[in-house]
Structure formats: structure tokens, C-alpha cells
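A.B. asks: Right, I'll just put the structure down here and ask away after.
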Amino acid sequence: MDVQIILGSISDKEIAKKAVDVFKGFGIDYNVAVASAHRTPLRVEKIIEEAHEKGVKVFIAIAGLAAHLPGVVASKTVKPVIGVPVDSNLDGMDALLSIVQMPPGIPVACVGIGRGENAALLACEIMGAGDESMQEKLHNYRAKMSEKIEKDTLALGL
């Protein structure tokens, strides 16, 4: 398994779906689970342990409100952890700040509020650091984005 996605709540499902869609397009092996840093801490630990046993390369933790899940995951692994803040209160700023303001020594990468697709792309970039085929997939992905913008420009007809 390449990536373990952990949702703090089932209500984060749509954000996880954005990441899953990217992983499907890139042929990335992933797993998705729901576990709360506060309500089910032992479940979080079990998911992390099982992911390690399966050879996980990157974790993505999606959380809102206090958003402690990414930090808890990071405290239990030395694998990269990408946090995705959820807009559940205070326009998601509470979650964003909880994720980016980690104490020294336990870093968590953080993407924009609700940006599951960017978390997946960052995971692909991390895995691509030593994998030329993944780098090629990322180049192709970006080329397709550029082509779409060019088509959009032509579609303006102005």
C-alpha cells in the first residue's frame, strides 16, 4: 500500500474522494479509514500500525475543528504526513492553524482547506522523488492541465 488516508469523520468523505480520484488516475494503491484522534485514539494507532505493516509511504489525515488527527498521526510515524483541513467551523481556519502550527520536531505538511486533490498530488510528488515513472505521470498530469487552459482560452471566442 502506498498511501493511508484517515478521515477524522465520515463527514469528510467528499474531501477524501478528491484524493481517491487522483490516486485512481495515477495507479496508486491506497486505503481509506475513519478514526478520531480524540474519540478513537486506539483505532488511530491500529490503522497506523497496519499501514506500516503494508509498506505505507505517505499518510493523509483529513480533519476539521481542532484538527489534531494529522499531528497525532505524525507523532506515531516517521513517514510523511499530509494534513487536509476541513471547513467545519470558522471557515476552516481553526483546522488549518491546528495543522500548520505543529511543535518543532513533528512536522506535518498542510494543503489548503478542503484540498484533498492537492494532498494526493503532494503524496505523488513525495513518492516520485525517487521514481522516474511517477515523475513522468506528474509531468503528463500537468501537461493535461495546461492543454485544458489553452482550450478554455480558445473557447472564450473573444
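A.B. asks: Is there any pair with a first residue in the range 78-101 that is over 29 Å from residue 52 (Cα atoms) and touching a residue at least 60 places away in the same chain (Cβ under 8 Å) and a second that is assigned to a loop (DSSP other than H, G, I, E, B) and of a type outside the set (A, V, I, L, M, F, W, C) whose Cβ atoms are under 9 Å apart and which are 6 or more apart or on different chains, and what are they?
C.D. replies: If the second residue must be assigned to a loop (DSSP other than H, G, I, E, B) and of a type outside the set (A, V, I, L, M, F, W, C), the pairs left are 88/9; 88/64.
A.B. asks: Right, another one. State the number of residues belonging to the range 17-31 that are under 17 Å from residue 64 (Cα atoms) and over 11 Å from the mean Cα position of the chain (by Cα).
C.D. replies: 0
A.B. asks: Please go through the range 21-56 and pick out each residue that is assigned to a helix (DSSP H, G or I), within 18 Å of residue 122 (Cα to Cα) and in contact with a strand residue (DSSP E or B) (Cβ under 7 Å, 6 or more places away or on another chain).
C.D. replies: If the condition is that a residue be assigned to a helix (DSSP H, G or I), within 18 Å of residue 122 (Cα to Cα) and in contact with a strand residue (DSSP E or B) (Cβ under 7 Å, 6 or more places away or on another chain), then 23 is the only one that fits.
A.B. asks: Now a separate question. Where residues in the range 69-97 are part of a helix (DSSP H, G or I) and under 17 Å from residue 35 (Cβ atoms), which of them is farthest from the chain's Cα centre (by Cα)?
C.D. replies: Selected residue: 75.
A.B. asks: Please tell me if residue 9 is over 19 Å from residue 57 (Cβ atoms), buried (at least 17 other Cβ atoms within 10 Å of the Cβ), polar (S, T, N, Q) and touching a residue at least 40 places away in the same chain (Cβ under 8 Å).
C.D. replies: Numbers: over 19 Å from residue 57 (Cβ atoms): yes; buried (at least 17 other Cβ atoms within 10 Å of the Cβ): yes; polar (S, T, N, Q): yes; touching a residue at least 40 places away in the same chain (Cβ under 8 Å): yes.
Spelling it out, residue 9 is indeed over 19 Å from residue 57 (Cβ atoms), buried (at least 17 other Cβ atoms within 10 Å of the Cβ), polar (S, T, N, Q) and touching a residue at least 40 places away in the same chain (Cβ under 8 Å).
A.B. asks: Shifting gears a bit: Looking only at the range 57-68, count every residue that is outside any loop (DSSP other than H, G, I, E, B) and farther than 16 Å from residue 10 by Cα and tell me the total.
C.D. replies: So the answer is 2.
Read-outs throughout are calculated quantities, based only on the coordinates presented, and are distinct from any laboratory measurement. Computed from a prediction, not measured in an experiment: that's the story for all the values here. Virtual Cβ from ideal backbone geometry, glycine too; neighbours counted across all protein chains shown.
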